[in-house]
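Worksheet for the structure shown next.
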Amino acid sequence: MSREYARFDPAPMPADVEELPTYLSNTLLEIRAAIEVVRNGHLDVVYAEPDKPYQGDIRYADGTTWNPESGGEGIYFYNAAGTWTKL
């Protein structure tokens, strides 16, 4: 799994069929780990506003390179008015 803990980036499938069980097992373990961090409430720090935010999106802004509404570091949600609101 990448340094961004809640992200899952699958490895390429093996060409050899004999390696498929190991590949599937490892992939399922990575999916499980990604789900666990999300379930536990983890948010990666984000350094730039998402390209296309949607109402209800939640992000943890670093407060320096991305400083929504000049609110500083913190957790924000994107509301129906099209602005980021600090929680």
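Laid out as a table, the results:
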| quantity | calculated |
| --- | --- |
| Which listed residue, of TYR60, TYR76, TYR54, TYR23, is in a helix (DSSP H, G or I) and either of a type in the set (Phe, Trp, Tyr) or in contact with a Ser or Thr (Cβ under 9 Å, 6 or more places away or on another chain) (or both) | TYR23 |
| Qualifying position, being assigned by TED's automatic domain parsing to the domain that holds GLY82, among the β-branched types (Val, Ile, Thr) and over 15 Å from the mean Cα position of the chain (by Cα), among THR22, THR27, THR65 | THR65 |
| Filter pass, TYR54 being loosely packed, with under 12 Cβ neighbours inside 10 Å, outside the structural domain of ARG7 (by TED's automatic domain parsing) and over 14 Å from the mean Cα position of the chain (by Cα) | yes |
| Residues being surrounded by 11 or more Cβ atoms within 10 Å (Cβ to Cβ) and without any contact (Cβ under 8 Å) to a residue 40 or more places away in the chain - total across the range 33-51 | 13 |
| Residue check, ARG59 among the basic types (Lys, Arg), surrounded by 14 or more Cβ atoms within 10 Å (Cβ to Cβ) and either under 22 Å from LEU87 (Cβ atoms) or over 18 Å from the mean Cα position of the chain (by Cα) (or both) | yes |
| When residues of the range 76-87 are limited to those that are surrounded by 12 or more Cβ atoms within 10 Å (Cβ to Cβ) and among the hydrophobic types (A, V, I, L, M, F, W, C), the one nearest to HIS42 (Cα to Cα) | PHE77 |
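The values are calculated or read from the model by the stated rules, or taken from the named source; none is laboratory data. What you see is a predicted model; the values in this text were computed from it and never measured. Counting neighbours? That spans all protein chains shown, and the Cβs are built from the backbone with ideal geometry, glycine included.
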